[in-house]
Structure formats: structure tokens, C-alpha cells
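Only one structure is covered here, and it is reproduced in the block below.
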Amino acid sequence: MFIKEENRIYMQDDAGRIIAEVTFPETSENVYTIDHTFVDSSLRGQGIAGKLVQAAVDEIEKKGGKVTATCSYAVSWLEKHSR
């Protein structure tokens, strides 16, 4: 379902078009900022954005990093799912 790269998780359709994506660059030492979340309108309402942000948080924590966000969706998600 999700394709994981360094600081990026995404989905493609059968034609190879990006249909969902979250990016989380390392913005300072061991601090990763979720700065972009995108879900194609064809996938809206299926909880994909939340799953992407959760996957990003999991990857960041697996690295032992600290999670921050500038993307408004991710900021809201993190407030609702604080650990």
C-alpha cells in the first residue's frame, strides 16, 4: 500500500501517479518536521491522511527522532493523538 523512502511515504495509482504523500525532512539534529500531507480527491474520506501521518510518526520514532509539524493537517492530527 504505502511506499517508504527516506523522509517520505507515498502511494501511487496503477499509472504511477502520486495519489497520497507525506514528507518529513530532518529540520535540525534528530528533529523531523511533517511539512506536507497530500491525498488525492479520489481517496478522500477513507482515513488515508491519518494513516500517512501515523506511518510518518512511526518512522520518525523508529529513528529515535522528535516529531514536529508545519503542515496544518499534521499539526491537528498530532494534537488529537498526542502520546
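Derivation of every value follows stated rules applied to the coordinates shown; laboratory data play no part. As the structure is a prediction and not an experimental result, all values here were calculated from the model. We place every Cβ from the backbone using ideal geometry, glycine too, and count neighbours over all the protein chains shown.
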Original post:
Are there any pairs with C-beta distances below 9 angstrom linking a residue in segment 50-72 that is free of Cβ contacts under 8 Å to residues at least 60 places away in the same chain and within 14 Å of F2 (Cα to Cα) to a residue that is in a strand (DSSP E or B) and small (G, A, S), with the two at least 6 apart or on different chains, and if so which?
Top reply: K51/A20; L52/A20; V53/A69
Subject >> Enumeration of residues in segment 66-83 that are surrounded by fewer than 18 Cβ atoms within 10 Å (Cβ to Cβ), in a loop (DSSP other than H, G, I, E, B) and either of a type outside the set (S, T, N, Q) or over 13 Å from the mean Cα position of the chain (by Cα) (or both) >> reply: H81, S82, R83
Subject >> Filtered residues of segment 12-38 (kept if aliphatic (A, V, I, L, M), without any contact (Cβ under 8 Å) to a residue 40 or more places away in the chain and in a strand (DSSP E or B)) >> reply: I18, I19, A20, V31
